[in-house]
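Before any comments, here is the structure.
The values are calculated or read from the model by the stated rules, or taken from the named source; none is laboratory data. Here the structure is a predicted model, which is why all the values come from computation and not from measurement. Glycine also receives a Cβ, built like all others from the backbone with ideal geometry; neighbour counts cover every protein chain displayed.
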Protein chains: 2
Amino acid sequence: MRKVRTYSTDIDLVQERRAQIVQTAVELIVKRGYNRTNTRELATALGMSTGGLYHWIGSKDDILYLIVNFTSDLTQGLLDNCARCGGGTVTQKLKESIKIYFSGVEEFRNFHNFINHVMLSLSANDRRIVYQNESRIVDYFEGLLDEGVKKGEFREIDCKCIAHNIVAIANAWANRGWYLKRYYTIDKYTSEETDNLLAQLTGVPTASVRSR
Amino acid sequence: MRKVRTYSTDIDLVQERRAQIVQTAVELIVKRGYNRTNTRELATALGMSTGGLYHWIGSKDDILYLIVNFTSDLTQGLLDNCARCGGGTVTQKLKESIKIYFSGVEEFRNFHNFINHVMLSLSANDRRIVYQNESRIVDYFEGLLDEGVKKGEFREIDCKCIAHNIVAIANAWANRGWYLKRYYTIDKYTSEETDNLLAQLTGVPTASVRSR
């Protein structure tokens, strides 16, 4: 992680303030676009002066970097929760992992839409961090699907392709929310998509899958 | 469609020049970001002077509007091709429609990534046009799936959800290309995803589906 300038020596306080900056910046930028959001507006939204904001960060681009790094923390938190969940069958672990992942996308949908929006504005290095995070999630699901195939719980499938689909469909909850929210809640969406996936993995129709 | 200013009275020529402007603008903006692309650079890329560019459009925002409108034409072209394709079973029509749709995403992936990127910069009206286009594609696939269920070719499924998945998975080819292109060509991706989908719709494993 590269160093972001601050004039404070209180590490805990720096972390706390930066977490606030990240949350508020994402909300503002998702509403107005990155280039139309200036640091003065961000400072105002945070109840700080512009000078006060620059006490915690060195530049506007530092905010992008902090947000990208925050998504790495989100990814790590997600994978930690997934590692702990389930028990018994791979199917059970897959179902619970999907629930954790999808509800994470709902909770941090602003972050997902933010990353989508700023992707072209990111430095090569920041972009690589985003790609790594996404790849780690696909890899996690691919591993789980592989295990399910080996244990005979799932049919022979292209695990990489299906793992990618899980991630694409989860992301769609954030970036196609304008469509989906007309018809689904996150709970309904998660359960429908889980049923669809299990039907695909096991060959057993949706309705019978639900009761497993 | 709102009027975009031009100083030319030659309608055909205006259309031709604007098509060039749209193509070149999309390429540039996807590389550099909307706010970092100025009309001078665009004019240079088109081999025009800035004044020459303003002969065909009234403002930089007009370019956004022209691109959004071009995506409506793309959507219409896609739906026309889908309407003509197939023959015999719904399954056949679905397979061919997916092929047409996915190869369209490949051909115009810059446009997909562009729309993703500028979504937050679009006016409410332009955004509505994008939403309408996307909805029309989901509706088309939903109708096809519904028909397949009614004719007994597919199991009872949530057609809206699966239709949305088809669109999300096609879009993923554009906006998750950085991941997918490591492992798939568009042909391989299309055929894998078609197999996955048909396995889901029919309950028959992937390998058997392929030979149908």
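The single condition from (1) in contact with a helix residue (DSSP H, G or I) (Cβ under 6 Å, 6 or more places away or on another chain); (2) of a type in the set (Asp, Glu); (3) within 13 Å of chain B (Cβ to nearest Cβ) that A:Glu106 fails is (3). Is it fair to say A:Leu197 is surrounded by 18 or more Cβ atoms within 10 Å (Cβ to Cβ), of a type outside the set (Gly, Ala, Ser) and more than 18 Å from A:Val30 (Cα to Cα)? So A:Leu197 passes the test.
On inspection, A:Glu153 qualifies as more than 30 Å from A:Asp61 (Cβ to Cβ), assigned to a loop (DSSP other than H, G, I, E, B) and either facing another protein chain (nearest Cβ under 9 Å) or touching a residue at least 40 places away in the same chain (Cβ under 8 Å) (or both). Mind checking which residues of the stretch A:104-125 are farther than 17 Å from A:Ile29 by Cα and crowded, with 17+ Cβ neighbours inside 10 Å? If the condition is that a residue be farther than 17 Å from A:Ile29 by Cα and crowded, with 17+ Cβ neighbours inside 10 Å, then A:Gly104, A:Val105, A:Glu106 are the ones that fit. Within the stretch B:121-135, how many residues are under 16 Å from B:Tyr34 (Cα atoms), touching a Phe, Trp or Tyr at 6+ places or on another chain (Cβ under 8 Å) and within 9 Å of chain A (Cβ to nearest Cβ)? Qualifying residue count, the stretch B:121-135: 1.
Only a single criterion out of (1) at the interface with chain B (Cβ under 7 Å from one of its Cβ atoms); (2) free of Cβ contacts under 8 Å to residues at least 40 places away in the same chain is not satisfied by A:Asp187, namely (1). A:Trp173 passes every criterion in (1) surrounded by 20 or more Cβ atoms within 10 Å (Cβ to Cβ); (2) free of Cβ contacts under 8 Å to residues at least 40 places away in the same chain apart from (2). The single condition from (1) within 22 Å of B:Asp195 (Cα to Cα); (2) touching a helix residue (DSSP H, G or I) at 6+ places or on another chain (Cβ under 6 Å) that B:Thr89 fails is (2).
Mind checking whether some residue in the stretch A:164-177 is facing chain B (nearest Cβ under 9 Å) and outside any helix (DSSP H, G or I)? Scanning the stretch A:164-177, I find at least one residue that is facing chain B (nearest Cβ under 9 Å) and outside any helix (DSSP H, G or I), so the answer is yes. Scanning the stretch B:20-52 for residues that are without any contact (Cβ under 8 Å) to a residue 40 or more places away in the chain and under 23 Å from B:Ser72 (Cβ atoms) yields B:Gln20, B:Gln23, B:Thr24, B:Leu28, B:Thr37, B:Leu42, B:Leu46. As a summary of the residue check, B:Gly203 satisfies the conditions (1) farther than 30 Å from B:Lys60 by Cβ; (2) of a type in the set (Gly, Ala, Ser); (3) at pLDDT 90 or above except for the one numbered (3). From the list A:Glu142, A:Glu96, the one residue that fits, being free of Cβ contacts under 8 Å to residues at least 24 places away in the same chain, within 13 Å of another protein chain (Cβ to nearest Cβ) and not β-branched (Val, Ile, Thr), is A:Glu142. Entry remark, the stretch B:110-148: residues being assigned to a helix (DSSP H, G or I) and modelled with pLDDT under 90 number 16 in total.
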